[in-house]
Amino acid sequence: MRIPFFSIFISSPFDALQEHAEKVKECSWAFQQAMECYASTKCDTFDDHRQEVIRFEHEADEIKRRIRGHLPKGVMLPIEKFQLFRYLREQDAVLDAVQESLKWLSFRADAGIPASVEKELFLLVDAVIEPIEELAHMVGQARIYFRNFSEKQRRKVKEIISNLRQMEHDADQREFALIQKIFSNETDPVAVFHLVRLAETIGSIADHAENSADMMRAMLAK
């Protein structure tokens, strides 16, 4: 039976991972608001929402640096440090993909979203928000597991991981449907390129969430 080494510390790395995951979730809400604003002809605060996402990303970077700089040295942990860092990199990449999506939109700030693809676009946005929210849930449950090493708790985390994988699959389907709709309805080559790249960038949010789940699975397997 493994000893919960984290219990000898005032706080474990998973405390800060949870904080980082919550920041990612906050960022996803700002992202959703920014997307809705961009699509609306009556909303003029898109850049405000984008700046909010940038602010959340900077705050998450501070947490990331704190995790990397304050792990105890010379002490055995129940996971490998490189696993923890790989997990953190993927969770942070979720934020990067969110920020990149809005940055890409800003290059055509007045273009709006064509009515012919708006429905499919927001189905994709909803599909990538779900795994972001599930990430925070997964980290919270993993945080409990790495304190008590309960087999029941381990199964609970693995179930969340399975849910995340299914969510990523669903997001892939939404991305594919959106790209199909773009090519079927848009004729302006600049608009096609911009929208397809947007679809791929938004879809990558769910990809990184699934990668985070895979890294968590690896940590549980030790």
Legend entry - Dipole of the chain, positive end: most advanced residue of 192, 128, 221 [Cβ charges, Cα centre]: 221
Legend entry - Highest-MSF residue in the chain out of 64, 42, 23 [GNM, Cα springs under 10 Å]: 42
Legend entry - Helix 115-148 vs. the chain, principal-axis angle (Cα, 0 to 90°, nearest 10): 10 degrees
Legend entry - Residues whose placed amide H lies under 5 Å from that of residue 12, excluding near-sequence neighbours: none
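Which of 27, 37 comes first, and how do the rest follow, when ranked by fewest Cβ neighbours within 10 Å? Let's see the in-between values first.
Working: 27 23, 37 17.
Listed from fewest to most nearby Cβ atoms, that is 37, 27.
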Inset, instruction - Calculate, in nm to one decimal, what residue 43 and residue 200 gain on full extension: separation in residues at 0.36 nm each, minus their alpha carbon distance. - result: 54.1 nm
Inset, instruction - Taking the Cα centre of the chain as origin, sum charge times position over the Cβ atoms of Lys and Arg (+1) and Asp and Glu (-1), and report the length of that vector in debye to the nearest 20. - result: 1440 debye
Legend entry - Computed magnitude of the charge dipole of the stretch 155-200 (debye, nearest 20; Cβ of K, R +1, Cβ of D, E -1): 380 debye
Legend entry - Max mean-square fluctuation residue, GNM over the chain, Cα-Cα springs under 10 Å, options 131, 189, 13: 189
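Taking a quarter of the surface of the convex hull around the Cα atoms of the stretch 145-221, what do you get in nm²? Intermediate values should be presented prior to the final figure.
On the way: hull surface 21.5 nm².
That works out to 5.4 nm².
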Inset, instruction - Quote to one decimal, in nm, the extra length available between residue 184 and residue 59 on full extension: 0.36 nm per residue of separation minus the C-alpha distance between them. - result: 40.9 nm
Legend entry - 3J(HN,Hα) from dihedral phi, the stretch 22-31, Karplus parametrisation 6.51/-1.76/1.60, rounded to Hz, x for glycine, proline: 5, 5, 4, 5, 4, 4, 5, 5, 5, 4
Inset, instruction - Find out how many positive minus negative residues lie around residue 106, taking Lys and Arg as positive, Asp and Glu as negative, among other residues whose Cβ is under 14 Å from that of residue 106. - result: -2
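What list do you get for 143, 197 if you sort them by fewest beta carbons within 10 Å? Spell out each step's value before the answer.
On the way: 143 19, 197 14.
In order of increasing Cβ crowding within 10 Å: 197, 143.
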Inset, instruction - Taking the chain as the reference, fit the longest principal axis to its C-alpha atoms, fit the long axis of helix 151-185 to the helix C-alpha atoms, and give the angle between the two in degrees, 0 to 90, nearest 10. - result: 10 degrees
Legend entry - Angle between the chain longest axis and helix 189-221 axis [Cα atoms, degrees, rounded to 10]: 10 degrees
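Rank the residues 132, 144 as a footprinting-exposure proxy: fewest other Cβ atoms within 10 Å of their Cβ go first. Walk me through the numbers on the way to the answer.
Numbers: 132 28, 144 14.
With the sparsest Cβ surroundings first, the list reads 144, 132.
Within the chain, what is the longest stretch that has no chymotrypsin sites (Phe, Trp or Tyr not before Pro) placed in a DSSP loop and near at most 16 other beta-carbon atoms within 10 Å?
Between exposed loop sites, the widest span is 10-106.
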Legend entry - Separation in nanometres of the label points that stand 7 Å from Cα toward Cβ, at residue 173 and residue 96: 3.0 nm
Legend entry - the chain: most fluctuating residue of 139, 117, 125 per GNM, C-alpha cutoff 10 Å: 117
Inset, instruction - Please find the FRET efficiency linking residue 159 to residue 66, where r is the Cβ-Cβ separation and R0 is fixed at 22 Å, and quote it to the nearest 0.05. - result: 0.15
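Read the figures in this text as sums done on the coordinates, not as results from a lab. Keep in mind the model is a prediction, meaning the values are calculated, not measured. With ideal geometry, Cβ positions are generated from the backbone for all residues, glycine too; neighbour counts draw on all protein chains shown.
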